[in-house]
2 protein chains.
Amino acid sequence: MPTRRESNRPVRATLPDGLALSSTDVRNRIIPGDPPRHAGDEESLDVWGFRDSAFTLLPNGNVVFSGSRYPLCGAELPDLLPWTRNTLGVAIEPDDIHDSTYPPDVPAARANHLFVDQVRRLFPEDSLSTDARVRLRHGHGHTQEEMYAIKYDRLERVPDLVVYPTDDEHVVSLVEAAARFNVCLVPYGGGTNVTKALRCPTEEERMIVSVDLERMDKILWIDPTNLMACIQAGAVGRHIEEQLAEHGFTLGHEPDSIEFSTLGGWIATHASGMKKNRYGNIEDLVLDVHVVTAHGVLSRSAVAPRESVGIDPWRWVFGSEGNLGIITSAVVKIFPLPEIQRYDSLLFPAFDAGVSFLYDLAHQTTPPASVRLVDNLQFQLSLTLKPKAEGMRALKRKAEQHFVTKLCGFDPERMVACTLVYEGGHQEVSAQERAVRRITRRYGGMRAGAENGKRGYQLTFGIAYLRDFLMKYNILGESLETSVPWSLTLSLCENVKRRLAQEFTKRGLPGRPFVSCRVTQIYQTGVCVYFYVAFYHKGVEHPSQVFDELERCARDEILRSGGSLSHHHGVGKLRGVFLPRIMSSTALEWIADVKRAVDPENVFGIANQKVLN
Amino acid sequence: MPTRRESNRPVRATLPDGLALSSTDVRNRIIPGDPPRHAGDEESLDVWGFRDSAFTLLPNGNVVFSGSRYPLCGAELPDLLPWTRNTLGVAIEPDDIHDSTYPPDVPAARANHLFVDQVRRLFPEDSLSTDARVRLRHGHGHTQEEMYAIKYDRLERVPDLVVYPTDDEHVVSLVEAAARFNVCLVPYGGGTNVTKALRCPTEEERMIVSVDLERMDKILWIDPTNLMACIQAGAVGRHIEEQLAEHGFTLGHEPDSIEFSTLGGWIATHASGMKKNRYGNIEDLVLDVHVVTAHGVLSRSAVAPRESVGIDPWRWVFGSEGNLGIITSAVVKIFPLPEIQRYDSLLFPAFDAGVSFLYDLAHQTTPPASVRLVDNLQFQLSLTLKPKAEGMRALKRKAEQHFVTKLCGFDPERMVACTLVYEGGHQEVSAQERAVRRITRRYGGMRAGAENGKRGYQLTFGIAYLRDFLMKYNILGESLETSVPWSLTLSLCENVKRRLAQEFTKRGLPGRPFVSCRVTQIYQTGVCVYFYVAFYHKGVEHPSQVFDELERCARDEILRSGGSLSHHHGVGKLRGVFLPRIMSSTALEWIADVKRAVDPENVFGIANQKVLN
């Protein structure tokens, strides 16, 4: 989160003394104000991210990132385009732009008049929208297929109405009306979904209503004694962190999409955050969930640190992906802001050395809050995203490169980089740093410094904008991720790269594919691997469909190599077709049976259609 | 685990080097032999534990614990009986024994002939039993109500047949037969259940068959590279630990019942272990579960470190308490045995000081693997379980007591004790010890040494035998546990003690009740509190029913004080009546709907009857 780190020194929360232990937690609660609203934070509708931030190509062939939100901003990047040409093996002409025809025509809104009448009785006019642009935005997430469709084609079906409830009662009456009048509801958080869960199926005959939780975005209370907070499901990650930090706390959940994604979305997709080593994944962070279902509300009378209460419906809400109800709020664990936050980066001679380093880190010590290893291709890409150095800095950089490559013998075509984030108390962090140094040496690695570490970590947020930029130049790209046991990690990475190269060649596609991987999470039992895949598609018919096929081949190869269907993005409509390969038919029947049992009218009807209907 | 610690020095597993990362995990797997069978390990049928272990009262009024399994064994305990008399305020005559009439008559077995014929076709004769004693044992767990019934009354209904499957196919055909011929199945692990889940309802007209997993007790494979193991659900905790230790590993899950309870039981009850600070609770340890349901098998094609696969039936298995199917195996995380294991103990002037110590420990540092705080009453009880010291040791103990009470000003009627277990590497443990010392001083505590710590920790396993011993002398006792946020902990403990005293007086029961509590788990958000409740019931009509009422009052007070229904024992038939107080009606409907959807014939029909039917 760029802005937060700059403005907030880590503050150690003052914990109450022993006396507070006998006071009720209600008296101790802090009720924060409304979430922050910063002018200029408007989001784009047709590309990822903030409207004021984008990559652009200058006449001189350099790329620049607009705005001032990210470390990446402002400086010219002369190497990105040449490197891209070279890597993809194609001529990319700056004038040869694949012009977007956004916004596409939007299908006329269908109206279920009984439902609409009811909703107009229940809701003020300003919480309803049939505006075409708004409906369009609520009809897609950020898969390549959806982004391609909105820029160059159209969406055959989008929500017919968007509703913005402001409290639980609104949501309850909305769902009651939908069940009663046979309307389909789609919960909407940050709209950053990457499993086509928001894509409306053309077969859906009923009216589709998008339930946008953006006005239910508050932190309802903070309990500093028991380190819990109650937060509405529409609260956005960056605002949650900003508000908690004002009181000296953090949620510790930092997915790549934190600037835009919401608490409800994280629970619904069983999300993971970059610092899960310290704070845990979403299932470790959430203590209670409030859900409006087709037939009433899932709610609890009290929150426990941990409990055993028999068959527990709350466990099914995680990963429910909008199929079982609308999450309206959750009680989460919070943590005092760490005393220390430090970045670091490492270089290793090759990917397998880096993975061995990660293995020992996961098994022999407490790993830092975040550890991520990129392969050589991504390392090269990160170098192109470094601003052009001039004067003394250019000399220094040349000297560094000379040192790393010539003196230390690192091969620029094989070397890889690792980004680390340490958070915690002084001794804790020092111990982690010592362990990291020791294990780094064991695998022939070297430190590359805190500045590179910070840039590398922050690059995550900037890179998300790269895909939309490249689309303008006939390059389609996507990320796909998996989790896999350690012993299958290297072979999985090799297999996927090899398979994609084969499928690429088989289709006679232009140039070469870009297939790169990185390890973004480590566990004692294995890792999360992220693939970035891109190809140049000028002259290719239906490139988005071709990409879809390539992605399915990649997933097939992942499964055959012992990887999972997804570490954290989920299934949605994108990967439903693979479910029969990973779970028994009984499991699939259970899912369908349970869906039918708790949502017999299929009110929450579009997220996983191919599986559940 | 007494025997394991004595015989196995912690061995640090040799982890494979980087080369192993590219080999498949199948090639790397270790296939252990059969679980150990030690002569003399027979278990009692009518009381807790091993047949060779029990408290007995000697003619001289001293109590002695037979056998040699526990540190408690062998030495005479002169203070236990006097202290019990004094605490309960009653005269306990050594000759006034409440004679057990075990075994009670067992109802005649019902036979569903079609089912029995089918089962006789499928199973060898020695895997079936209609023996009355065997059926009796399979018809109860270890709640006070069940133990009282089998010793002094009878069970109106027990399983009609006990089956011992040896593999998954057996279990599948058994369940198919039950569904087809309308028979009720009850999964059985260690028989240590404390929620009446094993108690057969008299209203159950169908034949009831107990499915005892004891022959499916193997560790199927160990994967040392990826730190996983596949273990059958009938594997017993102490055997799992013994076998894993032979290879340098541990599962790290150590519930009080580990000597007898099984992996399947842990998953079904959403169990917690004493060292969860280091290893996690059952939901953190289990990666995959293989379940035979009424209509097929829940199984997965591969294991992932962590994944997001949409609606996930595996999450419902945790805490399913035998209502949704039979767990036959699971893939679990394993850990190298720790380099170091150290015990320690602390004394604090009073319970609230101890809880404040725990609060800071949970919030300011990484706590040791196990931390448990007993109140003054339990501290006194633990002193009575110390062998009579003689000679130099007696002098030393007197000197210690003088030091603690007179010189340090600890009040023997208020002081409390805390047991700690450290596990980990040298630096890790040293850092934890330093933090503990610092925080101990802050709350006026003092160290009481490793020997007391080890005794205190090991006492857990011995104390389980105390209940049955006391029953002989007309004393009924039980444990009940909860989880609660920090700020409500002290008031919850006070409220429960006060409420039980009131209810006791209201009923005119003899003497005084024994109500004691301890904090057995700490989290950032709160704790687990264990209550021990006992009373002398000579002259009381239907004492077991009275105890049931008292327990319900205690649970009512717990809920009113902000505690949960259970931290880890679960709900079963014991606490089903409270479910409507803690979760919304929609949640209860979801549970019933899901049960009906996935087990329409109610094959798995007895564990939570009051809720699900």
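The values are calculated or read from the model by the stated rules, or taken from the named source; none is laboratory data. Nothing here was measured: the structure is a model prediction, and the numbers come from that model. Positions of Cβ are backbone-derived with ideal geometry, glycine not excepted, and every protein chain shown enters the neighbour counts. What goes into the accessible areas is simple: the full protein's heavy atoms, side chains included, and nothing from ligands, DNA or RNA. Shrake-Rupley method; radii C 1.70, N 1.55, O 1.52, S 1.80 Å.
Scanning segment A:204-214 for residues being surrounded by fewer than 24 Cβ atoms within 10 Å (Cβ to Cβ), touching a residue at least 12 places away in the same chain (Cβ under 8 Å) and over 20 Å from residue A:142 (Cβ atoms) gives a total of 3.
Against the test of being crowded, with 22+ Cβ neighbours inside 10 Å, basic (Lys, Arg) and at pLDDT 95 or above, the options A:575, A:581, A:552, A:560 yield a single qualifying residue, A:575. Considering segment A:218-239, the residues that are more than 25 Å from the chain's Cα centre (by Cα) and assigned to a strand (DSSP E or B) include one that is farthest from residue A:292 (Cα to Cα), namely A:223. Within segment B:550-594, the set of residues being of a type in the set (Val, Ile, Thr), facing chain A (nearest Cβ under 8 Å) and closer than 24 Å to residue B:491 by Cβ comprises just one member, B:582.
For segment B:151-175, a residue qualifies if it is of a type in the set (Ser, Thr, Tyr) and part of a loop (DSSP other than H, G, I, E, B), and the qualifying residues are B:164, B:166.
When residue B:347 is tested against the conditions (1) out of contact with any strand residue (DSSP E or B) (no Cβ under 6 Å at 6 or more places or on another chain); (2) of a type in the set (A, V, I, L, M); (3) more than 11 Å from every other protein chain (Cβ to nearest Cβ), the lone failure is (1). Identify all residues within segment A:511-530 that are of a type in the set (S, T, N, Q) and not in a strand (DSSP E or B); write none if there are none. The answer is A:524, A:525. Could you tell me whether segment A:170-186 includes any residue that is buried (at least 21 other Cβ atoms within 10 Å of the Cβ) and of a type in the set (Gly, Ala, Ser)? Checking segment A:170-186: at least one residue is buried (at least 21 other Cβ atoms within 10 Å of the Cβ) and of a type in the set (Gly, Ala, Ser).
Counting only helices (runs of 4 or more DSSP H) that sit wholly inside segment A:424-474, those with at least 2 residues that are of a type outside the set (Asp, Glu) and at pLDDT 95 or above are A:426-442, A:466-471. Taking residues in segment B:521-535 that are within 21 Å of residue A:250 (Cα to Cα) and facing chain A (nearest Cβ under 7 Å), and partners anywhere that are aromatic (Phe, Trp, Tyr) and part of a strand (DSSP E or B), the pairs with Cβ atoms closer than 9 Å and at least 6 places apart or on different chains are B:524/A:335. Take residue B:217 and decide whether it is over 30 Å from residue B:144 (Cα atoms), surrounded by fewer than 24 Cβ atoms within 10 Å (Cβ to Cβ), touching a residue at least 40 places away in the same chain (Cβ under 8 Å) and more than 14 Å from chain A (Cβ to nearest Cβ). No: the conditions fail for residue B:217.
So that you can scan it fast, the table gives a plain yes or no per residue for (1) buried (at least 21 other Cβ atoms within 10 Å of the Cβ); (2) assigned to a helix (DSSP H, G or I); (3) within 14 Å of chain B (Cβ to nearest Cβ); (4) of a type in the set (D, E, K, R):
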{"site": "A:146", "(1), (2), (3), (4)": "no, yes, no, yes"}
{"site": "A:149", "(1), (2), (3), (4)": "no, yes, no, no"}
{"site": "A:191", "(1), (2), (3), (4)": "yes, no, no, no"}
{"site": "A:194", "(1), (2), (3), (4)": "yes, no, yes, no"}
{"site": "A:202", "(1), (2), (3), (4)": "no, no, no, no"}
{"site": "A:242", "(1), (2), (3), (4)": "no, yes, no, yes"}
{"site": "A:252", "(1), (2), (3), (4)": "yes, no, yes, no"}
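Pull up segment A:387-423, narrow it to residues that are at pLDDT 95 or above and closer than 25 Å to residue A:81 by Cβ, then point me to the one that is most open to solvent (accessible area, probe 1.4 Å). If we take residues in segment A:387-423 being at pLDDT 95 or above and closer than 25 Å to residue A:81 by Cβ, then A:414 is most open to solvent (accessible area, probe 1.4 Å). All conditions but one from (1) in contact (Cβ under 8 Å) with a residue 40 or more places away in the chain; (2) crowded, with 23+ Cβ neighbours inside 10 Å; (3) touching a Ser or Thr at 6+ places or on another chain (Cβ under 6 Å); (4) among the acidic types (Asp, Glu) apply to residue B:307; the one that does not is (1). The residues of segment B:346-370 that are open to solvent by less than 10 Å² (accessible area, probe 1.4 Å) and part of a strand (DSSP E or B), listed by number, are B:346, B:348, B:370. Within segment B:450-489, the set of residues being open to solvent by less than 20 Å² (accessible area, probe 1.4 Å), more than 22 Å from residue B:54 (Cβ to Cβ) and away from chain A (no Cβ under 14 Å) comprises just one member, B:453.
Counting only helices (runs of 4 or more DSSP H) that fall entirely inside segment B:54-143 and contain at least 2 residues that are in contact (Cβ under 8 Å) with a residue 40 or more places away in the chain and not charged (D, E, K, R), the qualifying elements are B:80-88, B:113-122. Against the numbered list (1) open to solvent by less than 10 Å² (accessible area, probe 1.4 Å); (2) out of contact with any helix residue (DSSP H, G or I) (no Cβ under 7 Å at 6 or more places or on another chain), residue A:334 comes up short only at (2).
Restricting B:53, B:44 to those that are within 30 Å of residue B:248 (Cα to Cα) and at pLDDT 95 or above reduces the list to B:53. Within segment B:254-281, being within 16 Å of residue B:331 (Cβ to Cβ) and more than 13 Å from chain A (Cβ to nearest Cβ) holds for B:262, B:263, B:264.
Is it the case that some residue within segment A:318-341 is farther than 30 Å from residue A:448 by Cα, more than 8 Å from every other protein chain (Cβ to nearest Cβ) and either at pLDDT below 95 or in contact with a Ser or Thr (Cβ under 6 Å, 6 or more places away or on another chain) (or both)? So far as segment A:318-341 goes, yes, one or more of its residues are farther than 30 Å from residue A:448 by Cα, more than 8 Å from every other protein chain (Cβ to nearest Cβ) and either at pLDDT below 95 or in contact with a Ser or Thr (Cβ under 6 Å, 6 or more places away or on another chain) (or both). Please determine, by comparing only the residues of segment B:286-298 that are at the interface with another protein chain (Cβ under 7 Å from one of its Cβ atoms) and surrounded by fewer than 23 Cβ atoms within 10 Å (Cβ to Cβ), which one is nearest to residue B:262 (Cα to Cα). It comes out as B:297. Among residues that are open to solvent by less than 10 Å² (accessible area, probe 1.4 Å), over 21 Å from residue B:362 (Cα atoms) and facing chain B (nearest Cβ under 9 Å), residue A:301 is not included.
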